[in-house]
1. Would you kindly state how much longer the chain becomes between K115 and T147 on full extension, computed as 0.36 nm times their sequence separation minus their alpha carbon distance, in nm to one decimal?
2. Would you please state which residues of segment 126-149 a label at D24 would reach in this model, taking the label point 7 Å out along Cα→Cβ and a backbone N cut-off of under 16 Å?
3. For Q137, project a label point 7 Å along Cα to C-beta. Then give me every residue of segment 39-65 with its amide nitrogen under 11 Å of that point.
4. Mind giving me the nanometre distance, one decimal, between the label points for N94 and Y62, set 7 Å out from Cα along Cα→Cβ?
5. Fewest Cβ neighbours within 10 Å first, please rank K140, K27 accordingly.
6. I'd like the Karplus ³J(HN,Hα) series for segment 65-82: coefficients 6.51, -1.76, 1.60, θ = phi - 60°, whole numbers in Hz, and an x wherever there's a Gly or Pro.
7. Just to verify a number: FRET efficiency for K81 and R129, C-beta to C-beta distance, R0 = 25 Å, to 0.05?
8. Which of rounded, prolate or oblate describes segment 38-82 when judged by the alpha-carbon gyration tensor and an a/c cut-off of 1.5?
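Here, each number is a calculation from the coordinates, and none is a lab measurement. Computed from a predicted structure; not experimentally measured. All Cβ positions, glycine included, derive from the backbone under ideal geometry; neighbour counts span all protein chains shown.
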Amino acid sequence: MENTLVRTLNSALPQCSGNITYNDVAKLFCTPAYVAQSGNMYQEGLRISDRLAIKYSIGYGYCHVFMNGIQVYAYDGTKLKLVTQGSYYNFWWNEADINAETARLVQEYLKNEIKVLGIQGISEFELSRQAKSLVDQARKNTETIGTRAIAASGNKQLNA
């Protein structure tokens, strides 16, 4: 599993340069933060499951943490394929809101895929339930892997 984890992290976060940390509060794997010329700090966060990788673009303002973007990847054989994304301005980081917005994006992706495949008879409720389940799986899976990495290494750093 660790080799798969490292490949996934490196694929979704190529800028990590082997220096990914697990944030136990946000339940995310994170790249090192950097400071832009404007003085604002940014970093990328990732949640993964066996079906999705969800990358969050995070900004740290004077008083608040913001979500600047979401990219959702699905596995295409052995690599990740970007399937949907969203860009945001002034979206304060709130776990419930972040999960709901991610599930909304996944639901729209599923809805479009079903339409392309010509499948009928799947309700909006079922699509919503499935999207929420996929996002929850990624959060729970990331927490499990991160907790194990912390226990195994004795610190919050995962060298990928």
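1. Values: separation 32, 0.36 × 32 = 11.52 nm, distance 3.86 nm.
Between K115 and T147, full extension yields an extra 7.7 nm.
2. What the label zone holds, given the 16 Å backbone N cut-off, is 142-149.
3. Those under the cut-off are 49-53.
4. So the two model labels end up 2.2 nm from each other.
5. K140, K27
6. 9, 10, 9, 9, x, 10, 10, 10, 10, 10, 7, 10, x, 10, 10, 8, 10, 5
7. My answer for the efficiency is 0.60.
8. It is prolate, given that a/c is not under 1.5 and a/b is the larger ratio.
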